[in-house]
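Here is the structure we will look at.
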Amino acid sequence: MDIAAFVFAFVGLMAVLTIQSRVSQADQRVARVERKLDLIIDHLGLRADDPRMNEVVALVRDGKKIQAIKVYREITGAGLKEAKDAVEGIA
């Protein structure tokens, strides 16, 4: 009975790891596509500036980097790292 439980737990763990790996790969592919799309949008000049981006710039100037990251994430829906990189690019 103990061996069966061990085998079941091992198979379950392997399934979780496989699913996690595939999700991670999918996330990486989506991020690459988003970066390429951003480059295309920038190249074509289609990016519409959100009026709240001025708020992000003002927060960066005032030294409120964390608040600027929060507002940037609200505006764009970006992840934490992407927002942090963008805000640091403003500074």
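Key figures
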{"read-out": "Elements of type helices (runs of 4 or more DSSP H) contained in the stretch 1-78, each with 3 or more residues being at pLDDT below 90 and over 19 Å from I90 (Cα atoms)", "value": "2-44"}
{"read-out": "Selected residue (criterion: farthest from V87 (Cα to Cα)) from residues of the stretch 24-70 that are open to solvent by 100 Å² or more (accessible area, probe 1.4 Å) and among the hydrophobic types (A, V, I, L, M, F, W, C)", "value": "L44"}
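The values are calculated or read from the model by the stated rules, or taken from the named source; none is laboratory data. Since this is a predicted model, take the numbers as computed values, not measurements. Surface accessibility is based on the protein's heavy atoms, side chains included, excluding ligands, DNA and RNA. Shrake-Rupley method; radii C 1.70, N 1.55, O 1.52, S 1.80 Å.
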